[in-house]
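Some notes on the structure that comes next.
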Amino acid sequence: MSQTKPNSYLLLSRTDEWYRQLSHDELQQILAANKAWVGQLIAAGKARPGVALARSGATVFGGNKSTVVDGPYAESKEAIGGTLIVDVATLEEAITIAKACPSLRYGGTIEIRPISGECPLEACARALKQTEQLVPAAV
Amino acid sequence: MSTPNKNGYLIIFRSADWYKGLSPEQMQQVADNWMAWFNRLKDEGKCAGGNPLEREGKIVSGANRVVSDGPFAESKETIGGYFLLTVNSLDEAVSIAKDCPGLPYGVRVEVRPIAPQCPMVDELAAKENLAHA
């Protein structure tokens with residue numbers, strides 16, 4: 001955790017639609033605070049413009065005959081509301097940035113995940129191959 | 001299902017550590033297929049980018065800013081990565097999601113329209129309209 005080269009972290013915001021309960025003034029205030037938070041990060045080169053997600057969509061799962069269901073649903077606290085990529089040297093700095101998110105005062109969570117330099121599948125396959133090579137072939 | 005959206009779609013891959021049961025060769029095959037899928041979508045101008053995520057990280061919660069660990073490795077809901085699609089309809093985004101090479105291994109693909117602006121801005125506008133009505 002002592003490297004200084006910027007890494008990328010994905011911040012995932014999860015909330016229900018808490019902002020619907022706010023008054024006009026409260027909404028205006030939190031919007032301005034959020035805008036300032038992201039604006040400062042972008043100006044400092046520590047974040048890229050994020051995306052807000054509509055509270056609709058679909059989920060696809062299953063094998064060859066895949067199933068499609070609507071959702072996620074607006075009322076879910078687990079639904080992802082938006083994402084932001086931050087470019088900072090350490091996970092600690094990414095956490096500090098997440099803690100400063102103004103919306104958190106109304107609840108919800110921010111998940112912070114390091115973005116991989118390579119596909120984790122390939123890394124896993126390589127590690128397994130190395131392990132296999134350490135095991136004598138003829139036992 | 002077919003509401004047009006010119007802002008694109010985020011497709012999110014969710015799963016537990018599904019590939020841990022595969023042989024290195026199988027894993028490499030799925031990884032190659034996934035990369036080929038991504039590159040094809042980019043070549044077709046349907047994908048603006050994407051990233052895999054490490055199965056680690058932290059969660060910051062609520063007004064008290066409580067910091068906690070995952071779990072990211074075991075949960076079936078864990079997000080493993082995402083693509084940003086530049087297609088115009090949910091139908092097309094879903095049809096792309098159906099080609100995900102991880103689906104036979106239990107990966108779930110969430111397809112979400114990108115909002116033109118923060119939904120809080122919409123809420124504020126709605127409240128202002130109400131006040132002027």
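Take the conditions in contact with a helix residue (DSSP H, G or I) (Cβ under 6 Å, 6 or more places away or on another chain) and assigned to a loop (DSSP other than H, G, I, E, B) and apply them to A:GLY63. Does it pass?
Details: in contact with a helix residue (DSSP H, G or I) (Cβ under 6 Å, 6 or more places away or on another chain): yes; assigned to a loop (DSSP other than H, G, I, E, B): yes.
Here the answer is yes, as A:GLY63 does meet what is asked.
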Which numbered condition trips up B:ASP99, out of (1) outside any loop (DSSP other than H, G, I, E, B); (2) of a type in the set (Asp, Glu); (3) more than 8 Å from chain A (Cβ to nearest Cβ)?
(1)
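Return the residues of region B:97-113 that are more than 20 Å from A:VAL51 (Cα to Cα) and either among the polar types (S, T, N, Q) or in contact with a Phe, Trp or Tyr (Cβ under 8 Å, 6 or more places away or on another chain) (or both); say none if nothing qualifies. Steps first, answer last, please.
Initial filter on region B:97-113 (more than 20 Å from A:VAL51 (Cα to Cα)): B:98-108.
Within region B:97-113, B:ASP99, B:CYS100, B:PRO101, B:GLY102, B:LEU103, B:TYR105, B:GLY106, B:VAL107, B:ARG108 meet the criteria.
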List the number of the failed condition for B:GLU77; all other conditions in (1) facing chain A (nearest Cβ under 9 Å); (2) part of a loop (DSSP other than H, G, I, E, B); (3) closer than 26 Å to A:GLY117 by Cα; (4) more than 18 Å from the chain's Cα centre (by Cα) hold.
(4)
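Suppose we filter A:LEU84, A:LEU91, A:LEU121 for residues that are touching a residue at least 12 places away in the same chain (Cβ under 8 Å) and buried (at least 21 other Cβ atoms within 10 Å of the Cβ); which single one remains?
Numbers: A:LEU91 fails: buried (at least 21 other Cβ atoms within 10 Å of the Cβ); A:LEU121 fails: touching a residue at least 12 places away in the same chain (Cβ under 8 Å).
Answer to the selection: A:LEU84.
Considering region A:72-100 alone, what residues qualify as being assigned to a loop (DSSP other than H, G, I, E, B) and at the interface with chain B (Cβ under 8 Å from one of its Cβ atoms)?
Within region A:72-100, A:PRO72, A:GLU78 qualify.
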If you check B:ASN5, B:ASN33, B:ASN64, B:ASN39, which single one turns out to be of a type outside the set (D, E, K, R), surrounded by 17 or more Cβ atoms within 10 Å (Cβ to Cβ) and over 17 Å from A:LEU84 (Cα atoms)?
B:ASN5
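Quick grid of which residues meet (1) surrounded by fewer than 17 Cβ atoms within 10 Å (Cβ to Cβ); (2) hydrophobic (A, V, I, L, M, F, W, C); (3) over 25 Å from A:GLU122 (Cβ atoms):
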residue: B:PRO71; (1), (2), (3): yes, no, no
residue: B:THR78; (1), (2), (3): no, no, no
residue: B:GLY81; (1), (2), (3): no, no, no
residue: B:ALA125; (1), (2), (3): yes, yes, yes
Taking region A:83-139, which residues are more than 30 Å from B:GLY21 (Cα to Cα) and among the basic types (Lys, Arg)?
A:LYS99, A:ARG105
Restricting region A:124-138 to residues that are at the interface with chain B (Cβ under 9 Å from one of its Cβ atoms) and either surrounded by 14 or more Cβ atoms within 10 Å (Cβ to Cβ) or not in a helix (DSSP H, G or I) (or both), which is nearest to the chain's Cα centre (by Cα)?
A:CYS124
Would you mind stating whether B:ILE59 is touching an Asp or Glu at 6+ places or on another chain (Cβ under 6 Å), within 9 Å of chain A (Cβ to nearest Cβ) and β-branched (Val, Ile, Thr)?
yes
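We did not get these values from a lab; they are worked out from the coordinates using the rules stated. Small disclaimer: the values here were computed from a predicted structure and weren't measured. Neighbour counts run over all protein chains shown; Cβ positions are idealised from the backbone, glycine included.
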